[in-house]
1. Among LEU167, PRO144, TRP130, which residue has its Cα positioned farthest towards the positive end of the charge dipole of region 67-210, with +1 placed on the Cβ of Lys and Arg, -1 on the Cβ of Asp and Glu, and the dipole taken about the Cα centre?
2. Among LEU38, LEU180, which comes first, second and so on when ranked by fewest other beta-carbon atoms within 10 Å?
3. For the Cα atoms of the chain, what angle does the longest principal axis make with the long axis of helix 145-155, in degrees from 0 to 90, nearest 10?
4. Quick one: MET176, MET128, fewest Cβ neighbours within 10 Å first, how do they rank?
5. Rank HIS92, CYS202, SER74 by how far each Cα sits towards the positive end of the charge dipole of the chain (+1 on Lys, Arg Cβ; -1 on Asp, Glu Cβ) and give me just the farthest.
6. So how far, in whole Å, is the C-alpha centre of region 155-173 from the one of region 68-104?
7. Please list the non-local residues whose amide H lies under 5 Å from the amide H of ASN67, H modeled 1.01 Å from N, same-chain partners needing a gap of 5 or more.
8. Calculate one ³J(HN,Hα) per residue across region 89-103 by plugging θ = phi - 60° into the Karplus curve 6.51 cos²θ - 1.76 cosθ + 1.60, and present them in order as whole Hz with x for glycine and proline.
Amino acid sequence: MPRRLSLLWALALCLVTGSAWAGTPERTLVERDVRATLDKDMAAPWATAGDAARVCLDGKPAGDAGNAVEVWVSPECRFCGLHEAFQAQQTHPEWRIVVRHMPAGGEGLKKALAFEALKHFSASAAVMFWEEILPRTELAIPRPFEAALLRALSEAAIPQEKYSAVLEKQSVQTVMGDMLAGAGVIGSTPTWVLEGIRFASCDFTAAQLEKAMELARKARRGDAAAREAIVGIIVRGRMNEPML
């Protein structure tokens, strides 16, 4: 009888808190997918040379010497803030952090184009604009686009006609190029690419980014423990759990 009662209590606890096995199949599938993606990334050669036509978050050309870093974002994603990336760029001038875009719709495309046009003149103004138009509430209601854009143009003293000229040419080429390059490669945002390794669904802080970068470098040097740590970080990111 005591054994039966203990089993009943265990069953009740599972129903209330969620079984210890609940979610395991999902986690197993996620981990399997993460390992497969990591295998592909590690097998592919990582080109350390950046695109000279792109501008980093410190305003320097992406083709300059340094460590190439990419962050893929969407303005519809409330986890895709760029403040931490901007802070990391200031702390690590040797990094070349390039923002790449995967907008989900027409409104998002408009915001991505505006960000790239602003960044042509001022990276700080572009990041300020991005942080203001990014949805921050559970209802995913963004800030008014026009108000955020006008403020950024004013703060950086960017002439409207020059902004429009860049918007209609360079920005379109950049964002459309990203969308083509990211199709079938970037499955979620934000995705950081460190040493050619895709850290999908990882909204790193600046401090976490430093740790992830070090792990990526170690993994590239053949460190098995670092590779396992990367798997754990990405799995937890995709499961919406604390990553580090």
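1. Farthest towards the positive end: LEU167.
2. In increasing order of surrounding Cβ atoms, one gets LEU180, LEU38.
3. 60
4. MET176, MET128
5. In the chain, that residue is CYS202.
6. Each part's Cα centre sits 20 Å from the other's.
7. TRP95, ARG96
8. Running phi through 6.51 cos²θ - 1.76 cosθ + 1.60 with θ = phi - 60° gives 5, 5, 6, 10, x, 6, 7, 10, 7, 10, 7, 10, 10, 9, x Hz.
Every number in this text was worked out from the coordinates using simple rules, so none of it is lab data. From a predicted model like this one, the values you see are computed outputs, not experimental measurements. Glycine also receives a Cβ, built like all others from the backbone with ideal geometry; neighbour counts cover every protein chain displayed.
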